[in-house]
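Chemist: Here you go, one structure.
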Amino acid sequence: MEKFIKVKCSACGEEKTVFYAASRKVVCSCGQILSAPTGGRAAIIGEKTE
Ligand SMILES: [Zn+2]
């Protein structure tokens, strides 16, 4: 099932919506990595906001 979650960047505080099963890295506009692929589900590196 597809799922999107909001992640708050730990570096700049910007909130982004990240696809939970993302197969690509998600990088904030400030350069902070928010999510990285781990072979299936995304590892959320930023702070979850919901
Ligand atoms: Zn940021």
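Rundown of residues vs (1) among the hydrophobic types (A, V, I, L, M, F, W, C); (2) touching a Pro at 6+ places or on another chain (Cβ under 8 Å); (3) modelled with pLDDT under 85, yes/no style:
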position	(1), (2), (3)
Glu15	no, no, no
Arg24	no, yes, yes
Arg41	no, no, yes
Ile45	yes, no, yes
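Chemist: Taking into account only those residues within region 1-13 that are more than 12 Å from the ligand (Cβ to nearest atom) and among the basic types (Lys, Arg), which is modelled with the highest pLDDT? Let's see the steps before the verdict.
Modeler: Step one: of region 1-13, the residues more than 12 Å from the ligand (Cβ to nearest atom) are 1-6.
Of the ones still in play, those that are also among the basic types (Lys, Arg) are 3, 6.
Numbers: Lys3: 80, Lys6: 86.
Top of the filtered list is Lys6.
Chemist: When you look at Ser35, is it of a type outside the set (A, V, I, L, M, F, W, C) and either surrounded by 13 or more Cβ atoms within 10 Å (Cβ to Cβ) or modelled with pLDDT of 80 or more (or both), yes or no?
Modeler: Judged against the criteria, Ser35 is a match.
The values are calculated or read from the model by the stated rules, or taken from the named source; none is laboratory data. Quantities reported herein were computed from a predicted structural model and do not represent experimental measurements. Cβ coordinates were reconstructed from backbone atoms using ideal geometry, including for glycine residues, and neighbour counts include every protein chain displayed.
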